[in-house]
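Engineer: Quick one: this structure, given as structure tokens, is what I'll be asking you about.
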Amino acid sequence: GVTRLLLTRIPFFKEIIVSSFCCDSCSWSNTEIQSAGRIQEQGVRYALAVTSRQDMNREVVKTDCASARIPELDFEIPAFSQKGVLTTIEGIIDRAVAGLEQDQPTRRETDKEVARKIDEFIGKLRQLKEVSSPFTFVLDDPSGNSFVENPRAPQRDEALVVTHYRRSPEQCALLGLQVDARPPDAAEDLRDEVLQFNTNCPECNAPASTNMKLVQIPHFKEVIIMATNCDSCGHRTNEVKSGGAIEPQGTRITLRITDPSDMTRDILKSETCSVEIPELEFELGMGALGGKFTTLEGLLKDIRDLVEKNPFTLGDSSTPSRTGKLQEFLGKLQDVKGKGQAHFIMDDPAGNSYLQNVYAPEEDPELSVQRYERTFEQNEDLGLNDMRTEGYEPTATSGR
């Protein structure tokens, strides 16, 4: 057969997806609906007092997780017992009658008493369609995506009562929503949210915005990634800050580059980290390039850009002898990125830098991590010598 899909909007409600199936062989057809939006913040309950034939023609959106009740007959269509449907109140009753009549021939043969009671109940349902006496139609949907038409919209309908409510934990579990009984944690909210604050572009000083995200690096710690994008001049930059305190010891990470696949290792270089490549007699001091969260190849590219874009090294202000040496250095740096072998050393006195261990949690034969005690000069650079974490509160003077 053929299934057709239609995205449509119901006035004063929302968008839904209507799917219709038709079989050319046996002429069987079926329709169902799905909500085109998300699960709402609250559940919804519609209670309609049906008093006339016009009320039977009201449009109804009933999702598969909604239940329908008629208290006067003690009748209920449970949740998830039918597919979602776009119909009328009369259509819902007709579907209920068709469902009850489906197995009646078999029941008349096996259990006549049950079949007789069901026939009586079907007769009561059909009498409801005549609206000889008023009855109440209740539609309860924990997802908040069901709907009963108000023909007077946007004015209030006295016969229709709409109630929004907070879902119970059982209803949340029925919808597949995770329920956390613990109070919300501000730190957890930060991990799931991208914060944004206004700033100025460092290139053109135009108003720009900076995005900030708290990220957990596997087998390491949390870091704060900040990215700035200027719509005026197109300048883009990113920076990484450590999300934790300064470690008790410094860290010296040494990687022996033996394969081009090493270029894909993740690197967190903090502002306090220096980089050294002994084979190239190259050393990048603390604070250069700022904090970076990238790959080894990305960091080497930033080093190359740092050299090439400096007018005093390769620009008009440079000397021919210096230019030749730097061009030779850039060639060797390119060899390291390709097929050359070298040692890549990261020395961070604060202990907040990281180089990915591709064998984690096992040991990496090409990677060594050495922890050491900081010297007085390193503590001075980090501002730790004058930092007091205990006994800094002034003592109260007696008599005052």
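Engineer: For a distance above 29 Å, tell me the whole-number percent of Cα pairs in the chain that qualify.
Structural biologist: When every Cα pair of the chain is considered, 67 percent fall beyond 29 Å.
Engineer: Charges only on Cβ, +1 for Lys and Arg, -1 for Asp and Glu: so what's the dipole of the chain about the Cα centre, in debye to the nearest 20?
Structural biologist: Using Cβ point charges on Lys, Arg, Asp and Glu, the chain gives about 1360 debye.
Engineer: Also, quick follow-up: On C-alpha positions alone, give me the angle between the axis of helix 89-101 and the longest principal axis of the chain, in degrees, nearest 10.
Structural biologist: It is inclined by approximately 80 degrees.
Engineer: Over all directions, what mean area does the Cα convex hull of the range 40-175 project, stated in square nanometres?
Structural biologist: Working: hull surface 36.3 nm².
Quarter of the Cα hull surface area: 9.1 nm².
Engineer: Apply the Debye scattering formula to the range 231-285, with a single equal point scatterer on each alpha-carbon and no solvent, then give log10 I(q)/I(0) at q = 0.24, 0.26, 0.29 Å⁻¹.
Structural biologist: For the requested q values the scattering log ratios are -1.19, -1.25, -1.33.
Engineer: Taking the range 188-242, how much of its Cα-Cα pair set, in percent, is spaced more than 17 angstrom apart?
Structural biologist: Roughly 42 percent, rounded to a whole number.
Engineer: What part of the accessible area of the chain, given as a whole %, is carbon or sulfur when the probe is 1.4 angstrom?
Structural biologist: 48 percent
Engineer: Moving on to the next point. What residues qualify as long-range amide H neighbours of ARG265, i.e. H under 5 Å apart, gap of 5 or more or another chain, H built at 1.01 Å from N?
Structural biologist: LEU296, GLU297
Engineer: In addition: Once you measure Cβ to Cβ distances between cysteines in the chain, which Cys have no partner under 4.7 Å?
Structural biologist: If one checks each Cβ against the other cysteines of the chain, CYS22, CYS23, CYS26, CYS65, CYS172, CYS273 turn up with nothing under 4.7 Å.
Engineer: Given the rule -39500 (n - 2.57) for each run of at least 4 DSSP H residues, summed and divided by the residues of the chain, what is its mean residue ellipticity at 222 nm, to the nearest 500 deg cm²/dmol?
Structural biologist: Rounded to the nearest 500, the figure is -7000 deg cm²/dmol.
Engineer: Accessible area per residue, 1.4 Å probe, Å², for the chain: what's the number?
Structural biologist: Ligands and nucleic acids excluded, the figure is 62 Å² per residue.
Engineer: Any idea what angle helix 112-130 forms with the longest principal axis of the chain, computed on alpha-carbon atoms, 0 to 90 degrees, nearest 10?
Structural biologist: Computed tilt is about 80 degrees.
Engineer: Report the semi-axes of the equivalent ellipsoid for the range 250-382 in whole Å, largest first, where each axis is √(5λ) for an eigenvalue λ of the Cα gyration tensor.
Structural biologist: On the way: eigenvalues 136, 78, 29 Å².
Working through the eigenvalues yields semi-axes of 26, 20, 12 Å.
Engineer: Let me ask you something else. Given R₀ = 41 Å, what would the calculated FRET efficiency be for ASN211 paired with ASP157, taking r from the Cβ atoms and rounding to 0.05?
Structural biologist: About 0.35, to the nearest 0.05.
The values are calculated or read from the model by the stated rules, or taken from the named source; none is laboratory data. Bear in mind that the values here come from a model prediction, so they are computed numbers and not experimental data. Here Cβ is always computed from backbone atoms with ideal geometry, including for glycine, and neighbour counts include all displayed protein chains. The accessibility values were calculated without ligands, DNA or RNA, using every heavy atom of the protein model including side chains. Shrake-Rupley method; radii C 1.70, N 1.55, O 1.52, S 1.80 Å.
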